[in-house]
Structures are given as C-alpha cells and as structure tokens.
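Peer 1: Have a look at the structure that comes next, please.
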Amino acid sequence: MYMIKFLHAADLHLDAPFSDLPSAEARARRQEQRGQLAEIAELANAEQCDLMLLAGDLFDGAAVYPETLEALRSALASFRGRVFIAPGNHDCLRRGSAYLTAQWPENVHIFTTDTITVEEIPELGCRVYGAGFTAIDQPPLLEGFRAAEDDVVSVMVLHGDCLNASSDYNPISAEQIAASGLDYLALGHIHRRGELRCGGTLCAWPGCTMGRGFDETGEKGVLIGQVEKNACEVRFVPLSARRYEVLTVPVGDDPLAAVEAALPRDTARDIYRIVLTGPSQPIDVNALYDALRTRVSVLQIRDRTTPLVDLWAQRGEDTLRGQFLSLLYEKLTAAKTEEEKETICLAARLGLDAMEGREEDAL
Ligand SMILES: [Mn+2]
C-alpha cells in the first residue's frame, strides 16, 4: 500500500504591493515573502514530502520581479520531491504569464489548461490531477469529474471556492467533491484555512501564507499531510512570517497594565492593532503608544472606551438625587471592605437609574 507525504500551500501572493505601507516597508514585506519560499521548501524536505501541491495565487498579479521568480525557481528546485502548480485568479494563465514563458525546474509541473488533466507518478502509486485559471473569472472546473476507479491514489490541486456556490472563481460544491472519487483535493483561494470531508474525499485549503492586513490576522502557514487510498489527513504548520493581530483590551483603571497583561510574549516582529474598550477616564493615547512602542513591530491604538461618568458628581445638590447620593457617600467613606464599597456604588448606580426613570415619567 502506497502512502504519500505532501506539503500543500496556496495564496502566497508574491510581489503584492502592500499599498497601505510606506514603500520601504512594502519592499521589506515582499522580501519576507521571497524568504518564505526557501522556508517552505526546507520544511517539505525536512518532512520528507514526496509532493508539493501549490494551489494558485502564488503571484499577486501579472507583473513578477525577476528576483521573485528566481527565488521561487531555486526553492522549488531544492525540493527533493515533485511540485504541482494550479494557477488561480491572481496568477491566471494570461498571455506573458511566467507560468507560460519562464524556464521551470524539471521537478515542476504546471497545469496550463482550464480543463482537468492528469500526471501519473507510477513510482509513488499516485496520480495528480489539476487545472489552471485562464482568466480571472473561472466557471466550474470540477463539474462532472470522476477520478479513475483503481488502486492508484488520486490527488487533485485546484484553485477554487468551495464556500460560495455563486462564486466567479471556480465554485466547487460538496456534491462535486463527494462524487469526485479523489482521496485528496488540495484547494487554494480562501485565505482563512479550513477543510471539508465529502464522501470519501478530504478537501482542505491552507489559507494564505502571510497576513497582509488586519483582515488576515493570526498564524499563517501550510498543510502537511499524508494520503493513501481512501484515507487522508492533514495538519497545519505555521510559517515564521510576521503576524497581524487585533487585541481588544477592556482598560479598567490602568490602561497600560491592562494592555501589558493582555499582550502575549514574543510579539516584537508582529503588527498589532490594540483596541481599548470599556468605561474609562480620558486616555493619553500618545503616552500609551510610547510605552508600548518597542513591544511590537508596528503599533496602532484605537481608543473605543466610553467616558466614565462620575457617579458622585451631583452629591450635595439640593435635590432628592443629591440627598440620596450624600447619604450613600457617607456610607462609602465609612465602608471597611472592597465588597462593601462595591455594593454601595451599585446601589448608587441603580438608584440614579430609577430616579431618572421616575423624573421622566413625572414630566
Ligand atoms: Mn488568494
């Protein structure tokens, strides 16, 4: 019985413009993307993978820097197994595409048609199906597909959308997956990783390999898996790229202490948006920024706190409300425990709410 190990990656979006960043920072981020290529190939070799399945959107667009192409070719050539690439919507097979014009290492196969074709790998007892987008929009590719019924392990690599039936990007239904007879369907397109089991087929997508904004937060990486006839499993392996994170912090009495308690260790390379919430005194965001600046690589602070109303402001006024508050305030100053103080504050808050209701009714 053959058991095949693979690495599955997608949505690298190499040479993305990172247009919301200053140009030097954007250049540095593209350099980090190129660095991921060697990291992926080293991981695939360390895991002794037989196959590398790259499910589209490797490039962000038609224009590819020569150094990016070189980094990709050299990383793929350093992989000891075979590579299969299925172009997606961002890197579709348009005229002049690097997939059609560049020299690729011998171990690389690119699916260059928008109909499904197959590569047989007899030495692994496996076959790899695939197809590529030939335009940004791609009608369904998997409709009516059925893998050959024999003992050969069947894998497919494809860019497509299995979460939205009316997608313009090769929509894939659960019924099509279940009918495919594939042992593994390696997808790309959806940037947040996930998987589906339909019939005897495992279908999974690794998500993007690097967050590019606060809509792509958290760990990003690749899938490592093993497949045999009628059995497949995958596990997620994060890559070392910087992360985008959004951290929501109820500030309490001490915003800095609250943020420091909430911020994980080892965030120095990461890009953080810290959202301050809850009732608070006015916050000196600049001072907070200065205090936290070195803890992360890029920091944004959003102050979403609500003003803390002074519960006792109307104490001493010559009104029912004023007298009520004065009475409770005396008890507060005499209170011995925190619990007692909290109870008194709660009584004041509830009493004020009730009196506001009553006064409005009287009007
Ligand atoms: Mn993508």
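The values are calculated or read from the model by the stated rules, or taken from the named source; none is laboratory data. Quantities reported herein were computed from a predicted structural model and do not represent experimental measurements. Every residue, glycine among them, receives a Cβ derived from its backbone with ideal geometry; neighbour counts consider all protein chains shown.
Peer 1: Scan region 78-124 for residues that are out of contact with any helix residue (DSSP H, G or I) (no Cβ under 6 Å at 6 or more places or on another chain), touching a residue at least 60 places away in the same chain (Cβ under 8 Å) and within 16 Å of the ligand (Cβ to nearest atom) and jot them down.
Peer 2: If the condition is that a residue be out of contact with any helix residue (DSSP H, G or I) (no Cβ under 6 Å at 6 or more places or on another chain), touching a residue at least 60 places away in the same chain (Cβ under 8 Å) and within 16 Å of the ligand (Cβ to nearest atom), then ILE85, ALA86, GLY88, ASN89, HIS90 are the ones that fit.
Peer 1: Report those helices (runs of 4 or more DSSP H) wholly inside region 254-363 carrying at least 3 residues which are under 32 Å from the mean Cα position of the chain (by Cα) and not polar (S, T, N, Q). Show your work before the answer.
Peer 2: Values: elements: 255-262, 285-292, 320-334, 338-362.
In region 254-363, the matching helices (runs of 4 or more DSSP H) lie at 255-262, 285-292.
Peer 1: Looking at the structure I just gave you, is ALA75 small (Gly, Ala, Ser), within 16 Å of the ligand (Cβ to nearest atom) and surrounded by 17 or more Cβ atoms within 10 Å (Cβ to Cβ)?
Peer 2: On the way: small (Gly, Ala, Ser): yes; within 16 Å of the ligand (Cβ to nearest atom): no; surrounded by 17 or more Cβ atoms within 10 Å (Cβ to Cβ): yes.
No: the conditions fail for ALA75.
Peer 1: Might you check whether a residue that is in a strand (DSSP E or B) and of a type in the set (S, T, N, Q) occurs anywhere in region 114-137?
Peer 2: Within region 114-137, the first condition is being in a strand (DSSP E or B), and the residues that meet it are 117-121, 126-130.
Those still in the list that are of a type in the set (S, T, N, Q) too: 117.
Checked against the condition, which is being in a strand (DSSP E or B) and of a type in the set (S, T, N, Q), region 114-137 yields at least one hit.
Peer 1: If the requirement is being among the hydrophobic types (A, V, I, L, M, F, W, C), under 20 Å from the mean Cα position of the chain (by Cα) and within 15 Å of the ligand (Cβ to nearest atom), which of these qualifies: LEU14, LEU7? Outline the logic, then answer.
Peer 2: Numbers: LEU7 fails: within 15 Å of the ligand (Cβ to nearest atom).
The unique qualifying residue is LEU14.
Peer 1: Out of all the residues in region 78-107, which are outside any loop (DSSP other than H, G, I, E, B) and surrounded by fewer than 19 Cβ atoms within 10 Å (Cβ to Cβ)?
Peer 2: Of everything in region 78-107, those that are outside any loop (DSSP other than H, G, I, E, B) and surrounded by fewer than 19 Cβ atoms within 10 Å (Cβ to Cβ) turn out to be SER78, LEU100, THR101.
Peer 1: Still on this model: Return the residue satisfying two criteria in turn: it lies in region 222-253 and is within 16 Å of the chain's Cα centre (by Cα) and small (Gly, Ala, Ser), and of such residues it is farthest from HIS13 (Cα to Cα).
Peer 2: Restricting to residues being within 16 Å of the chain's Cα centre (by Cα) and small (Gly, Ala, Ser), the top hit is SER240.
Peer 1: Being more than 14 Å from the ligand (Cβ to nearest atom), outside any strand (DSSP E or B) and of a type outside the set (S, T, N, Q) is the filter here; which residues of region 163-197 pass it?
Peer 2: ALA165, ILE172, ALA174, GLU175, ILE177, ALA178, ALA179, GLY181, LEU182, ASP183
Peer 1: Among (1) on the phi > 0 side of the Ramachandran plot; (2) free of Cβ contacts under 8 Å to residues at least 40 places away in the same chain, there is one condition GLN281 misses while meeting the rest; what is its number?
Peer 2: (1) is the only condition that GLN281 fails.
Peer 1: So SER280 ticks every box in (1) modelled with pLDDT under 95; (2) assigned by TED's automatic domain parsing to the domain that holds ARG29; (3) crowded, with 19+ Cβ neighbours inside 10 Å but one. Which box is left unticked?
Peer 2: SER280 satisfies all of (1) modelled with pLDDT under 95; (2) assigned by TED's automatic domain parsing to the domain that holds ARG29; (3) crowded, with 19+ Cβ neighbours inside 10 Å except (2).
Peer 1: Considering (1) free of Cβ contacts under 8 Å to residues at least 60 places away in the same chain; (2) away from the ligand (no atom under 16 Å from the Cβ); (3) in a loop (DSSP other than H, G, I, E, B), say which one VAL64 fails and leave the rest.
Peer 2: All conditions pass for VAL64, except number (2).
Peer 1: Can I ask one more? Would you please list the contacts, defined by Cβ atoms under 6 Å and residues six or more apart or on different chains, that run from a residue in region 199-215 that is away from the ligand (no atom under 16 Å from the Cβ) to a residue that is assigned to a loop (DSSP other than H, G, I, E, B)?
Peer 2: Every condition considered, the pairs that remain are GLY200/ASN230; THR201/LEU182.
Peer 1: Does LEU141 fit the bill of being modelled with pLDDT under 95, touching a Gly at 6+ places or on another chain (Cβ under 9 Å) and away from the ligand (no atom under 16 Å from the Cβ)?
Peer 2: Numbers: modelled with pLDDT under 95: yes; touching a Gly at 6+ places or on another chain (Cβ under 9 Å): yes; away from the ligand (no atom under 16 Å from the Cβ): yes.
The answer is yes for LEU141.
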